[in-house]
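**Q** If you scroll down you'll find the structure; I have some questions about it.
What follows draws every value from the coordinates through simple rules; no lab data is involved. Only a predicted model underlies this, so the values are computations on that prediction, with no experimental measurement involved. All Cβ positions, even for glycine, are placed from backbone atoms using ideal geometry, and neighbour counts span all protein chains on display.
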Amino acid sequence: MSTNLVINVALSGSLAMLWGLINSLQIIAHMPLLVIKFPINANVFYQMMLTLATFDILPTDMVSDLFKEWLGTN
C-alpha cells in the first residue's frame, strides 16, 4: 500500500507538469491569432511552436514516400 501511495504521488506530480506544459503550448500556439504586430523573431518562434503543436515536424509526403519505398510499392 505504501508503494502504491509513492507511485501515485510521483505520477500525479508528473501529470500536473505535463498538463501545464500542454496548456502553455496551447496558449503560445494561439498567440499569432491575436491582431498584434510582433517582432520578426517572435513570429519565427510562434511558427516553430505552431509546427510542434500541430505535429507537422516531418512532412507527410516524405514519410509516405519512405514507407512506400521501404515496402517496395512504388
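**Q** Taking region 53-62 as the region of interest, how many residues are closer than 18 Å to ASN23 by Cβ and among the aliphatic types (A, V, I, L, M)? Quick ask: steps written out before the conclusion?
**A** Of the residues in region 53-62, the ones closer than 18 Å to ASN23 by Cβ are 53-55.
Filter once more, so that each one left must be among the aliphatic types (A, V, I, L, M): 53.
Looking only at that region, the number is 1.
**Q** Conditions first: (1) under 13 Å from the mean Cα position of the chain (by Cα); (2) surrounded by 13 or more Cβ atoms within 10 Å (Cβ to Cβ); (3) of a type outside the set (Ser, Thr, Tyr). ALA42 passes all but one, so which condition is the exception?
**A** (1)
**Q** Now for a different question. Yes or no: TRP70 out of contact with any Leu (no Cβ under 8 Å at 6 or more places or on another chain), part of a helix (DSSP H, G or I), surrounded by 10 or more Cβ atoms within 10 Å (Cβ to Cβ) and of a type outside the set (Gly, Ala, Ser)?
**A** Spelling it out, it is not the case that TRP70 is out of contact with any Leu (no Cβ under 8 Å at 6 or more places or on another chain), part of a helix (DSSP H, G or I), surrounded by 10 or more Cβ atoms within 10 Å (Cβ to Cβ) and of a type outside the set (Gly, Ala, Ser).
**Q** Restricting the search to region 28-39, which residues are in a helix (DSSP H, G or I) and exposed (fewer than 10 other Cβ atoms within 10 Å of the Cβ)? Reasoning before the result, please.
**A** Start the filter on region 28-39 by keeping residues that are in a helix (DSSP H, G or I), which leaves 28-33.
Once the filter is applied, which keeps residues that are in a helix (DSSP H, G or I) and exposed (fewer than 10 other Cβ atoms within 10 Å of the Cβ), region 28-39 yields only LEU33.
**Q** Confirm whether LEU50 is assigned to a helix (DSSP H, G or I) and farther than 30 Å from TRP19 by Cα. Break it down stepwise before answering.
**A** On the way: assigned to a helix (DSSP H, G or I): yes; farther than 30 Å from TRP19 by Cα: no.
No; evaluated as a whole, the condition is false for this residue.
**Q** Please count how many residues of region 53-67 are under 17 Å from the mean Cα position of the chain (by Cα), in a helix (DSSP H, G or I) and either acidic (Asp, Glu) or under 18 Å from SER24 (Cβ atoms) (or both).
**A** Residues that pass the stated criteria total 1.
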